1. Across the stretch 165-180, what is the total count of residues that are open to solvent by less than 10 Å² (accessible area, probe 1.4 Å) and either assigned to a helix (DSSP H, G or I) or under 20 Å from residue 126 (Cα atoms) (or both)?
2. Under the condition of being assigned to a helix (DSSP H, G or I) and hydroxyl-bearing (Ser, Thr, Tyr), which residue from the stretch 219-262 is farthest from residue 57 (Cα to Cα)?
3. Open to solvent by 10 Å² or more (accessible area, probe 1.4 Å) and either among the charged types (D, E, K, R) or out of contact with any Lys or Arg (no Cβ under 7 Å at 6 or more places or on another chain) (or both): which single residue out of 76, 54 fits that description?
4. Quick one: what pairs do we get from the stretch 66-85, first residue β-branched (Val, Ile, Thr), second in a loop (DSSP other than H, G, I, E, B), C-beta under 8 Å, 6+ apart or different chains?
5. Of everything in the stretch 223-281 that's under 25 Å from residue 120 (Cβ atoms), touching a residue at least 24 places away in the same chain (Cβ under 8 Å) and of a type in the set (D, E, K, R), which residue is least open to solvent (accessible area, probe 1.4 Å)?
6. Look through 162, 140, 85 and report the one residue that is at negative phi, part of a helix (DSSP H, G or I), open to solvent by less than 10 Å² (accessible area, probe 1.4 Å) and not acidic (Asp, Glu).
7. If residue 111 satisfies every condition in (1) more than 21 Å from the chain's Cα centre (by Cα); (2) surrounded by 12 or more Cβ atoms within 10 Å (Cβ to Cβ); (3) among the β-branched types (Val, Ile, Thr) but one, which is the exception?
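The values are calculated or read from the model by the stated rules, or taken from the named source; none is laboratory data. Given the structure is predicted, the values throughout are model-derived calculations rather than measurements. Every residue, glycine as well, gets a Cβ built from its backbone with ideal geometry; the counts of neighbours run over all protein chains shown. Please note that ligands, DNA and RNA were not included when accessible areas were found on the heavy atoms of the full protein model with its side chains. Shrake-Rupley method; radii C 1.70, N 1.55, O 1.52, S 1.80 Å.
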Amino acid sequence: MNYRERLRDKKRIVIKIGTSSLTHSETGRLNLRKLEVLVRELSDLHNQGKDVVLVSSGAIGVGAAALGMDGKPEELEKKQACAAVGQARLMMIYQKLFSEYNQTAAQILMTKNTMVNNLNRKNAKNTFEELLKLGAIPIVNENDSVSTYEIQFGDNDTLSAVVAALIGADLLILLSDIDGLFTDDPNTNPDAGFIDVVERLDSNLLHMGKASTGSKVGTGGMATKLTAAEIATAAGTDMVIANGADFHMIHKIVEGRKHGTLFVGQAREEFYLIDYIEKLL
């Protein structure tokens, strides 16, 4: 079976963008040209009749740059202050860019409590469904300005997989600063082989997730991406990890071209999202 060709028929797509894919590495400020490409790609998917949800990092980094800090702060209070400034700036720019393509962007901020609490989770699902029905493009992020260690997802890789499972998405695309999954770390091992398709996640693959990333600004390494793959595939969602250096990658993936590593969704009858959240977080 050609798993790639099936991607053309996906109707509900969640796309996660890492901080390093949205900002200039030298300054930490937003890369507006890339953002314009991202918004155009998502708007075009939406124009094809697909439901589109964007999980966007970047609030703390954008806030830190706006407040004149050198890089992201370590202290929780400063992170929260940066998030409060950065999230507003990020959404303002997204709203402006999406409106140029006649699209309506909506903001959804989540914490782990949103998902663990049954009523909150149901309300979140209903909000997503209503927004998608009304033709909006939800933009999701961790609610970093109030989030503490106990209630945070900690990274948007996991958050995007949880969102995909919650709304029954049939494709999740994770874009960051890596090309996909390799047999070893390609930065240190030149013989590391690229893995094109993963039909089934096993313990060997999960152990390959080293909690490291080439980026100074992101929070998720390969470990978080494999955690995301574990959640998404168990929920029956196909997932692709690819490089976010060029956001034109999005339509290429959806057209079924060979980019990134494709994890094939294998819906489990016993899949219950809460179990995964409590186990993994």
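1. 4
2. For the stretch 219-262, the residue satisfying everything is 233.
3. None of the others qualify; the one that does is 76.
4. Qualifying pairs under 8 Å: 85/67.
5. 230
6. On inspection, the qualifying residue turns out to be 162.
7. The failed condition is (1).
Residue-wise test of (1) in contact (Cβ under 8 Å) with a residue 24 or more places away in the chain; (2) open to solvent by 80 Å² or more (accessible area, probe 1.4 Å); (3) on the phi > 0 side of the Ramachandran plot; (4) not in a helix (DSSP H, G or I).
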{"position": "90", "(1), (2), (3), (4)": "yes, no, no, no"}
{"position": "119", "(1), (2), (3), (4)": "no, yes, no, no"}
{"position": "122", "(1), (2), (3), (4)": "no, yes, no, no"}
{"position": "127", "(1), (2), (3), (4)": "no, no, no, no"}
